[in-house]
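Participant: Okay, handing you the structure first.
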Amino acid sequence: MDAAAKKENAIEIHNLVVSFGSHRVLTDVDMQVRCGETTVILGGSGCGKSTLLRHIIGLRKPQGGRILVKNRDITTMDEDQMSTLLRKVGVVFQSSALFNSLTIGDNVALPLREHTRLEESTIQIMTRIKLDMVGLSGFEHYMPSELSGGMKKRAAFARAISMDPEILFCDEPSAGLDPIVAAGLDELIFKLKKALKMTIVVVTHEMESMYKIADRVVMLHEGKVIFSGPPEEFRVCEHPRVRQFVERRADHYGEDEIGRYARALTSES
Amino acid sequence: MDDTDSKRQGLAALFFGSIGRRAAGFVEQLAFLYRLILDSLYWTFIAPLRGKGLRVGSSFDEMVKIGVNAIPIVVLISFSIGMILAMQSAYQLEQFGATIFTADLVAVAHTRELGPLMTAIIIAGRSGSGIAAEIGTMKVGEEIEALQSMGFNPVKFLVVPKLLALAIMGPCLTVIGDLVGIGGGVFMAVFSLDLGFERYVTRTIYALIFKDLVTGLIKSLVFALLVGITGCYMGFTVKGGAEGVGRNTTMSVVVSIFLIILADAFFTALFYYLW
């Protein structure tokens, strides 16, 4: 991929505003995802990063702002246009979200069966290739409930890339997995980017996996982007919240309250 | 004084606030139900004509699950109901020496009322709850969102095959229920009421008119669709994990049966006064 193409933005978000009822989740979010790069969206629990992801893939409509995916505004798209666009997008959900009534092979084959007119034998071969890529060859006939958490995640990756998407989204890929499996998934993401030249967006709160896979980092805090840039800059960024995140320091109000409670207890006795 | 005043104001705000929130929630639910029904109609009748396809394969799968697999229980219950009906009517008709009219009563009551009703209740218990549990579990496990993220419409994928299967299998099961119910009556007539097989069957055929059968089948179609929409709605509105799935599954059965009875009253009145 040449330098000019690399500068192109796969996703652009302008002034995105999202609220649930009276609660503002995202206020004025601006960010870009460049083609062929891995962008990591960082942030603490409840900062709106999964919500942001859900909006980028069009599962919800925002209250304001624009989301451009491949230079087309998805907030004004109808269902048919969205469906066509989503064929070029893969999503790995936090809970894997495999269809429990289908085998692993059928899960991976489902998008191919529904969206393409390929021969069944071709679909079988493609399914096997995708499962090979994530290290699950031979597991076609297993049901999702028969697999471990890490294997389910891998199967979810296989399903997400079954249509050879241009953009791959991963919501907390290492959530609830042990460090070895989590590291394996980081390598898988790295490999997919290298081998398939995909644009990848990962939502996570794990610093280690961020340093391993990220080309760019976007950090969200209280519904705003507080940092955007390469990981080297992130490490030395002076923003207090970023420093707190990097140095893994807890918020202080908790301690104060516990202290006050303890004092109240001791003064009473 | 000020303190109690502000407290009273706080209470009033709490009271009216909760009413307002409930009303808003109710309107929201109605809007969702309306959209679900519209979408189902669109993906059943309009989308296939526009070349967006109908999932025929999974509709047949659902027909087996909802229809064929329910035959044993429908047969068992309808046969029992037919026998019970025969005994109860014979008990009254004996007093007038008109036991043979048991045939009329069983046939008409079963085709017009009990066949569709009992079948619908079986479908609500078997399939309505199953639909709510299936869709609810998929909702909880992000599977619905996964479907959407692949560019699939959940209504087309999950709801339409089930509703089609119900619309076809509801009346089919009712026909089976009607036949077996009358069979239950025949069984009682022959073995306990000494009415004689041929006499009873002749009387049954004489008593039944086309209208009885048709009104029963129209009802059964409506009941089946009510069960389907209720099950899907309850599935899509699951909140809060496995517990929520359980709660909405139970609700789907309760609400389905309630709606079936309401619709039954409505249609019976309609057919009674207008046809």
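Participant: How much of the DSSP beta bridge set in chain A is antiparallel, as a percent to the nearest 5?
Facilitator: The answer is about 55 percent antiparallel.
Participant: For the stretch B:1-117, build the charge dipole from Cβ charges (+1 Lys, Arg; -1 Asp, Glu) around the Cα centre, then report which of B:Ile46, B:Ala13, B:Ile71 sits farthest towards its positive end.
Facilitator: Highest projection toward the positive end goes to B:Ile46.
Participant: Evaluate the distance, in nm, between pseudo-label points positioned 7 Å from the Cα of B:Phe26 and of A:Gln63 along their respective Cα→Cβ axes.
Facilitator: About 2.6 nm, to one decimal.
Participant: So what is the 222 nm mean residue ellipticity for the protein assembly as shown from helices alone, if each DSSP H run of at least 4 adds -39500 (n - 2.57) and you divide by all residues, rounding to the nearest 500 deg cm²/dmol?
Facilitator: Numbers: 22 runs with 328 residues, N = 544.
Result for the protein assembly as shown, helices only: -19500 deg cm²/dmol.
Participant: Could you work out the relative contact order of chain B? I mean the mean sequence separation of Cα pairs under 8 Å and 6+ apart, divided by the number of residues, in percent.
Facilitator: The normalised contact order for chain B reaches 29 percent.
Participant: Accessible area of the protein assembly as shown with a 1.4 Å probe: how many percent of it is carbon plus sulfur?
Facilitator: Heavy-atom surface of the protein assembly as shown belonging to carbon and sulfur, 1.4 Å probe: 61 percent.
Participant: Counting protein heavy atoms only and a 1.4 angstrom probe, how many square angstrom of accessible surface do chains A and B bury in total, to the nearest 100?
Facilitator: 1600
Participant: What is the spread of the Cα atoms of chain A along each of their three principal axes, largest first, in whole Å?
Facilitator: 76, 42, 38
Participant: Can you list the trypsin sites (Lys or Arg not before Pro) in the stretch A:140-218 that are in a DSSP coil and have 12 or fewer other beta carbons within 10 angstrom? Walk me through the numbers before you get to the answer.
Facilitator: Values: sites: A:Lys152, A:Lys153, A:Arg154, A:Arg159, A:Lys191, A:Lys193, A:Lys194, A:Lys197, A:Lys212, A:Arg216; in loops: A:Lys197.
Passing sites in the stretch A:140-218 are A:Lys197.
Participant: Relative to the Cα centre, what is the charge dipole magnitude of the protein assembly as shown, using +1 at the beta carbon of each Lys and Arg, -1 at the beta carbon of each Asp and Glu, and rounding to the nearest 20 debye?
Facilitator: For this selection, approximately 780 debye.
Participant: Something else now. Per residue, how much accessible area does the stretch A:7-66 have with a 1.4 Å probe, in Å²?
Facilitator: So the stretch A:7-66 comes to 40 Å² accessible per residue, rounded to a whole number.
Participant: Hey, what's the stretch B:149-263 come to in accessible area per residue, 1.4 Å probe, Å²?
Facilitator: 42
Participant: From the mean inverse distance of alpha carbon pairs (Kirkwood) and the Cα radius of gyration, derive Rg over Rh for the protein assembly as shown.
Facilitator: My calculation of the ratio gives 1.10.
Participant: Suppose a student asked you for the relative contact order of the stretch B:43-155, using Cα pairs under 8 Å spaced at least 6 residues apart; what percent would you report? Before the final figure, lay out each step's value.
Facilitator: Working: 39 pairs, mean separation 25.2, N = 113.
So the answer I get is 22 percent.
Participant: Which residue, B:Ile176, B:Phe266, B:Asn248, has the largest displacement toward the positive end of the dipole of the stretch B:147-275 when charges sit on each Cβ (Lys, Arg +1; Asp, Glu -1)?
Facilitator: Farthest towards the positive pole: B:Asn248.
Participant: Treating only the Cβ atoms of Lys and Arg (+1) and Asp and Glu (-1) as charged, compute the dipole magnitude of chain B about its Cα centre; round to the nearest 20 debye. Spell out each step's value before the answer.
Facilitator: Working: 20 positive and 20 negative charges, 112 e Å.
Taking the Cα centre of chain B as origin, the dipole is about 540 debye.
Participant: Translational diffusion coefficient of chain B at 25 °C, 0.890 mPa s, Stokes-Einstein with Kirkwood Rh over Cα pairs, in µm²/s as a whole number.
Facilitator: 116
Participant: Right, another one. Taking the Cα centre of the stretch B:1-53 as origin, sum charge times position over the Cβ atoms of Lys and Arg (+1) and Asp and Glu (-1), and report the length of that vector in debye to the nearest 20. Don't jump to the answer; show the numbers that get you there.
Facilitator: Numbers: 7 positive and 5 negative charges, 81 e Å.
Computed about the Cα centre, the dipole is about 380 debye.
Participant: Quick one: net charge of A:Leu16's neighbours, Cβ under 15 Å, K/R +1, D/E -1?
Facilitator: For residues surrounding A:Leu16, the net value is +2.
Participant: Can you bin the stretch A:141-269 into rounded, prolate or oblate? Criterion: square roots of the alpha carbon gyration tensor eigenvalues sorted a ≥ b ≥ c, rounded for a/c under 1.5, prolate for a/b above b/c, oblate for the rest.
Facilitator: oblate
Participant: Right, another one. Considering only DSSP beta bridges with both partners in the protein assembly as shown, what is the antiparallel share in %, to the nearest 5?
Facilitator: 55
Participant: Quick query: amide H of A:His221 versus all other amide H atoms, modeled in the peptide plane; which residues come in under 5 Å with a sequence gap of 5 or more or a different chain?
Facilitator: A:Ile226
Participant: Which residues of the stretch A:95-114 show a drop of at least 20 Å² in accessible area when all protein chains are present, compared with their chain alone (probe radius 1.4 Å, heavy atoms only, ligands and nucleic acids excluded)?
Facilitator: When all protein chains are present, A:Ser95, A:Ala97, A:Phe99, A:Asn100, A:Leu110, A:Pro111, A:Glu114 each give up 20 Å² or more of accessible surface.
Participant: Now for a different question. So how far apart, in nm, are the two label points at A:Ser45 and A:Ala175 if each is 7 Å from Cα heading toward Cβ?
Facilitator: Between A:Ser45 and A:Ala175, the label points sit 1.0 nm apart.
Participant: Specify, per residue and in Å³, the volume enclosed by the convex hull of the alpha carbon atoms belonging to the stretch B:1-53.
Facilitator: Roughly 54 Å³ of hull volume per residue.
Participant: Here is a further query. Probe of 1.4 angstrom, ligands and nucleic acids ignored: what's the accessible area per residue over the stretch A:77-151, in square angstrom?
Facilitator: Accessible area per residue: 48 Å².
Participant: Further question on the same structure: Below 8 Å between Cα atoms, with a sequence gap of 6+, how large is the relative contact order for chain A in percent?
Facilitator: That works out to 24 percent.
The values are calculated or read from the model by the stated rules, or taken from the named source; none is laboratory data. The model shown is predicted, which means the values in this text are computed figures rather than measured ones. Here the Cβ is made from the backbone with ideal geometry for all residues, glycine too, and neighbour counts use every protein chain on show. What goes into the accessible areas is simple: the full protein's heavy atoms, side chains included, and nothing from ligands, DNA or RNA. Shrake-Rupley method; radii C 1.70, N 1.55, O 1.52, S 1.80 Å.
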